[in-house]
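In what follows, a single structure is set out as structure tokens and then discussed.
No value in this document is a laboratory result; all are computed from the given coordinates. Because the structure is predicted, anything quoted here is derived from the model rather than measured. When we count neighbours, we look across all protein chains shown, and the Cβ atoms used for this are built from the backbone with ideal geometry, even at glycine.
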Amino acid sequence: GEPGRLAGKRVLVTAGGTVERLDPVRYLTNDSSGKMGYAIAEEAVRMGAAVTLVSGPSALAVPAGVTLVPVQSALDMREAVLARLTESQIIIKAAAVADYRPAVVAEQKIKKKSDSLTLELIKNPDILQEIGSLKTKNQFVIGFAAETEALDEHAMDKLKRKNCDLIVGNDVSQEGAGFGGDTNVVRFYDQNGLVQALPILSKWDVARKLLELAADRMAAAAGE
Ligand code: C5P
């Protein structure tokens with residue numbers, strides 16, 4: 001994006017998957033690589049923003065100029081995000097947050113005993129939904145929706161339910177989209193519906209287009 005376009009703005013980005021501990025040596029997680037969120041953080045720096053990246057474990061290098069806050073679980077991520085919420089003008093939730101966590105975290109390694117073992121999981125808080133309910137008119141909140149069917153419908157439902165300004169929908173069943181790869185196929189939605197349907201692009205190009213749209217929308221809201 002245009003250099004300086006986000007000068008003076010603080011951008012908070014979440015990325016990666018969360019790690020939900022079962023015991024000292026085992027955990028539940030997902031396939032998120034963190035690539036989309038890291039690309040957004042890198043591009044936001046290029047556009048002049050002060051960028052904090054709250055990330056679950058990721059093999060990626062931290063982009064130059066980005067402040068990394070490493071986290072493990074959804075509860076850790078929630079705390080890190082809420083602590084930095086009021087100082088942030090743009091909040092982008094690209095993380096794949098675990099929906100559930102083990103109800104108890106065993107203090108010692110769970111021993112092998114019976115032929116079956118049932119894990120009890122409990123729901124994690126929805127961080128994006130909390131941000132949506134706390135956000136002020138000077139804050140711009142962007143969520144992600146990774147879906148395998150009925151993308152438009154599910155993305156719009158999340159946008160409304162979580163009170164986001166924009167949502168990035170991606171059909172992860174499509175070739176070149178979703179987890180792990182360097183490309184994505186996305187659609188941007190606002191409260192009125194579909195804004196843009198993009199072709200297959202690198203995650204860096206998606207990041208640039210997303211941040212340009214956010215900058216346009218914020219400028220319009222500020223009457224610039
Ligand atoms: O409902 P779903 O998890 O698909 O929503 C995706 C969006 O919500 C993403 O932006 C994700 O980062 C955010 N999310 C969150 N906290 C959760 C679950 C999802 O912030 N516990």
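Quick notes on this one:
- Relative contact order of segment 63-181, pairs being alpha-carbon contacts under 8 Å that are 6 or more residues apart, as %: 22 percent
- Bridge type composition, segment 88-195 - antiparallel percent by DSSP, nearest 5: 45 percent
- Cα long-axis angle, helix 151-161 against the chain (0 to 90 degrees, to the nearest 10): 90 degrees
- A103-A61 FRET efficiency (beta carbon distance; Förster radius 41 Å; 0.05 resolution): 0.70
- On Cα atoms only, tilt of 203-221 relative to the major axis of the chain in degrees: 60 degrees
- Eigenvalues of the alpha-carbon gyration tensor of segment 77-163, scaled by 5 and square-rooted, set the equivalent ellipsoid semi-axes at 33, 19, 9 angstrom, largest first.
- Nearby aspartates and glutamates by direct alpha-carbon distance to K123 (threshold 17 angstrom, same-chain neighbours under 8 apart not counted): E20, D76, E79, D99
- Principal-axis analysis of the Cα atoms of the chain puts helix 35-46 at an angle of about 40° to the longest axis.
- The stretch between K112 and V195 holds 24.6 nm of extra length on full extension. This uses 0.36 nm per residue minus the Cα-Cα distance.
- The alpha-carbon atoms of segment 153-193, seen along their principal axes, cover 29, 15, 14 angstrom, with the largest extent given first.
- Cα-based Rg of segment 122-189 normalised by 2.2 N^0.38 Å, two decimals: 1.18
- Computed log₁₀ I(q)/I(0) - Debye formula, equal Cα scatterers, no solvent, the chain, q 0.14 Å⁻¹: -0.84
- Column: log10 I(q)/I(0), Debye, Cα scatterers of segment 148-224, q = 0.20, 0.27 Å⁻¹: -0.89, -1.30
- Its Cα gyration tensor gives segment 1-59 an equivalent ellipsoid; the semi-axes, largest first and in whole Å, are 30, 10, 6.
- Proximal charge balance of L213 [Cβ under 13 Å; K/R count +1, D/E count -1]: -2
- Relative exposure of Y100, Y189, Y27, judged by other C-beta atoms within 10 Å (fewest first): Y100, Y27, Y189
- Here L75, L211 are placed in order of increasing Cβ neighbour count within 10 Å, fewest first, which gives L75, L211.
- Listed from fewest to most Cβ neighbours within 10 Å, the set T52, T183, T14, T67 follows the order T67, T183, T52, T14.
- Set of lysines near K35 by C-alpha distance (under 25 Å), chain-local residues within fewer than 8 positions excluded: K9, K93, K158, K162, K203, K209
- Averaging 1/r over every pair of different alpha carbons in segment 110-158 and inverting the result gives a Kirkwood radius of 14.8 Å.
- At full extension, Q129 and D216 could sit 29.0 nm farther apart than now, given 0.36 nm per residue minus the alpha carbon distance.
- Value of Rg to Rh for segment 173-215, rounded to two decimals, is 0.98; Kirkwood radius and Rg both from alpha-carbon coordinates.
- Shown for segment 1-112 is the translational diffusion coefficient from the Stokes-Einstein equation, using the Kirkwood radius over Cα pairs, a temperature of 4 °C and a viscosity of 1.567 mPa s: 88 µm²/s.
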